Amino acid sequence: MSDLEKIHTGIPELDMVLRGGLPKQRIHLIEGRPGSGKTTIGLRFLIDGAEKGEKCLYISLSETVEELRATAASHGWSLDGIGLREVVPAEAQLGRQQSVLFPSEVELGQTISAITEAVQEEGPRRVVIDSMSELRMVADDPMRYRRQIVALKRFLLQQNCTTLLMDDLTDEPRQYDLQGTVHGVITLEQREREFGAARRRLRVVKMRGAEFQSGWHDFAITEREVYVFPSLIADEHKGERTRDTITSEIPALDTMLGGGLMRGTSVMILGPTGVGKSSLALQYANVAAERQEHVAYFAFDESRETLIDRANGLSMRAADAIRNGTIYWERINPSRISPGEFIWKVRRQVEDQGAAVVVIDSLNSYLETMHEEKALMLQMHELLSYLSHQGVLSILIVGQSGLLDNVGDPLDIAFISDTVILMRYFEAEGEVRKAISIVKKRPGRHESSIREFSLTSAGVAVGPQLGGFEGVLTGVPRAAQEDSDPPPVQHD
């Protein structure tokens, strides 16, 4: 465990990734393409310091003070108490762009001197220098640039301040590498999707002498704040969990499940559209709410009004539970949210509100709408492992293509859940009816029968075992044929 003193960034979740914050009185690099969020994160870092009574300084080599204030105002932030300095490299001044009297060595040295003078005058504890790409413009030799940067580093360390250097990554190929000079490096990335909001993410490349959580972490810049969503490591969140059973209060269904569903397990409800998957999930949510347990229901397809109408039509009191917050309901737009943000929302319901049941309706919309994202299945597996460690019953709804015959599983993901409930339409006696069966249950026994499933004004109903039929799960059953002769006896 590192004993370095750390300083908060002003973004609590980023401090979690950094295992407490940035090492104090060191120099750190924030790198990323234009628009990735460097300036916003730098401002948040200084605002946090100003709120704690620390002297802070923002040195801008590219933006004006008015532009910085406008950026802060767009988030509802005030820069009062923060020193703002514009340092314009000589090469960038219009009157000197064509001059032969300012060799690059002189220009670079003058710009570095202006930075050091500003720091000496202000005496700050926190410094942001934005951006290093402007310094590279006035350096035509990598060795000269590196010497000046090393000199700047030594100066800043002598001032006992914590410094963030911003880099736009605009030089290709990378001739002026800053990563080897500084103590810590955080890379920001903005990725455009084919449709929907751009996805932002970051990773800590290095943090010399300090621990941090490696890998990519999604983050978002909202109107009022910067949010980082640390990637989930399920094994870091093992808690005390009970192994008791949750019932559906539908006797026949509980019998099929060997008494009910176990806490800390995941359940996948598969079936074609309209067969009753969401209604069955809502039954479990409603029963849990009646026990005064907190339920988190995340809907990708259905509106709040539709869900309430469904509950009222089935004589459930879920509408009241949604209104009073016992059932937390949120509509998720997958084209506007990152996988990391969604997982963070689930975690907040579990860790902050003590959710006992989590419903995701449906997994199709989550996985298919974000098909450009990589490793979604691994993230979902990690989420289910986390929910299991927390003793949460997770219910995943998966829609299947087709209605009667040739019903397929477009996602092929039943392997990630502990229990699989299969629902089907079938045709019998001139009617389209519904069937339900349990095809998998890891923890404990289950019934292998197929029963009829129905939705009535009195609620969800499961009937007796379907007898006299074969091929119910194909959608077109036929009458069972009895063998006229007993099967032959097999002898060894």
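Bear in mind that the values in this text are calculations on the coordinates, not laboratory data. Computed from a predicted structure; not experimentally measured. Neighbour counts are summed over all protein chains in view; Cβ atoms, including those assigned to glycine, are modelled from backbone coordinates with ideal geometry.
Mind ranking 278-289, 115-126, 252-263 by how tightly packed they are, going by the mean number of other C-beta atoms within 10 angstrom, highest first?
Ranking, from highest mean packing down: 278-289, 252-263, 115-126.
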Taking a ≥ b ≥ c as the square roots of the Cα gyration tensor eigenvalues, with a/c under 1.5 meaning rounded and otherwise prolate when a/b beats b/c, else oblate, which class fits the chain?
prolate
Choose one of Ser335, Val88, Ala321: the residue whose Cα lies farthest towards the positive end of the charge dipole of the chain (beta-carbon charges +1 Lys, Arg; -1 Asp, Glu; about the Cα centre).
Val88
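Sorted by mean Cβ packing within 10 Å, highest first, what order do the peptides 382-394, 3-15 take?
Numbers: 382-394: 21.7, 3-15: 17.8.
Order by mean packing, descending: 382-394, 3-15.
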Toy charge model, Lys and Arg Cβ at +1, Asp and Glu Cβ at -1: the chain dipole around Cα centroid in debye, rounded to 20, equals 1140
